[in-house]
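One structure is given here, and the rest of the page talks about it.
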Amino acid sequence: MLPGALLRRAAAAGRGLRGPLGRRQRSRTGSPDGGSSSRSDRAPRIYTRTGDAGFSSTFTGERRPKGDRIFEALGATDELSSAIGLAGEFSSEKGHTFVEQLHKVQCMLQDVGSNIATPLSSAREAHLKRTSFSEKPVLELEQWIDSYSEHLPPLRAFILPSGGKSSAALHFSRAVCRRAERCVVPLVQAGEADPNVAKYLNRLSDYLFVLARYAAMKEGKEEKIYIKPEA
């Protein structure tokens, strides 16, 4: 869940817990398992109906069409985190030690989303303090890339997404990462997002590529290479 949406949904849920005069409601309602529970004991509703007209809000409170490039970038970043989560599950089954790194990357992508959801054109100082994105994660990715690259054979041909489930899932994540980067770059160029966000996504795609090769090597899987079809 991205921070802006989470904030809006929490606020909407909070409003829903109060009646017309501001009194907290104590009515009992049915629960999914057939029992009953007090509304005050239930978790906030996941839906708010605030986006039914095709608009959504940034973290700064702006209402923009859901087709806005900010939400396109947020969606691509969310999809990237999901793809990495899937790759992490495959890799965990094989006992790869880099799974913790993937989890850390997913956490960093939440911060990427926070920055994207806070357009600089409407951000106040309080917003910027909460959603700033530094160069430190970029440098960490570079260290990881160098570390894994030392164990890999040199590239001598174009590698196709392959090398077992872990490797193929990491390659898929890399492709999604490239799309997320393409969505973020225009925001950076327009001065709406921090340049370090685009740098992070750029290095992340390189990291995922190297990690895919490393996973295939550790599992003893063959990497398929591009072979030019005969004319």
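One table, with the values for the structure above:
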| read-out | value |
| --- | --- |
| Residue check for Ser92: open to solvent by 20 Å² or more (accessible area, probe 1.4 Å), within 14 Å of the chain's Cα centre (by Cα) and without any contact (Cβ under 8 Å) to a residue 24 or more places away in the chain | no |
| Pair list, Cβ < 6 Å and 6+ apart or interchain, from region 212-231 residues that are free of Cβ contacts under 8 Å to residues at least 60 places away in the same chain to residues that are open to solvent by less than 80 Å² (accessible area, probe 1.4 Å) and outside any loop (DSSP other than H, G, I, E, B) | Ala212/Ser167; Ala212/Leu170; Ala212/His171; Ala216/Ser167 |
| Number of the condition not met by Ala117 [criteria: (1) of a type in the set (A, V, I, L, M, F, W, C); (2) out of contact with any helix residue (DSSP H, G or I) (no Cβ under 8 Å at 6 or more places or on another chain); (3) modelled with pLDDT under 95] | (2) |
| Unmet criterion (only one of (1) over 28 Å from Glu219 (Cα atoms); (2) modelled with pLDDT of 95 or more; (3) more than 15 Å from the chain's Cα centre (by Cα)) for His127 | (2) |
| Residue among Ser149, Ser121, Ser114, Ser132 that is touching a residue at least 60 places away in the same chain (Cβ under 8 Å), of a type in the set (S, T, N, Q) and over 18 Å from Gly61 (Cα atoms) | Ser149 |
| Hits in region 212-221 - residues which are over 26 Å from Arg182 (Cα atoms) and either surrounded by fewer than 23 Cβ atoms within 10 Å (Cβ to Cβ) or among the polar types (S, T, N, Q) (or both) | Met217, Lys218, Glu219, Gly220, Lys221 |
| Single residue of region 110-160 satisfying the filter (among the hydrophobic types (A, V, I, L, M, F, W, C) and open to solvent by 70 Å² or more (accessible area, probe 1.4 Å)) that is nearest to Lys228 (Cα to Cα) | Phe158 |
| Residue ID - least open to solvent (accessible area, probe 1.4 Å), chosen from residues in region 185-211 that are in contact (Cβ under 8 Å) with a residue 12 or more places away in the chain and not in a helix (DSSP H, G or I) | Ala193 |
| Residue match in region 70-81 (condition: under 30 Å from Glu142 (Cα atoms), modelled with pLDDT of 95 or more, aromatic (Phe, Trp, Tyr) and open to solvent by less than 40 Å² (accessible area, probe 1.4 Å)) | no |
| Counted residues, region 160-182 - those being small (Gly, Ala, Ser) and outside any helix (DSSP H, G or I) | 3 |
| Among (1) free of Cβ contacts under 8 Å to residues at least 60 places away in the same chain; (2) farther than 18 Å from Gln106 by Cβ; (3) not charged (D, E, K, R) - the single one His171 does not satisfy | (2) |
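The values are calculated or read from the model by the stated rules, or taken from the named source; none is laboratory data. On a predicted model such as this, the values are computed, not experimentally measured, just so you know. No Cβ is skipped: glycine too gets one built from the backbone with ideal geometry, and neighbour counts run over all protein chains shown. The accessibility values were calculated without ligands, DNA or RNA, using every heavy atom of the protein model including side chains. Shrake-Rupley method; radii C 1.70, N 1.55, O 1.52, S 1.80 Å.
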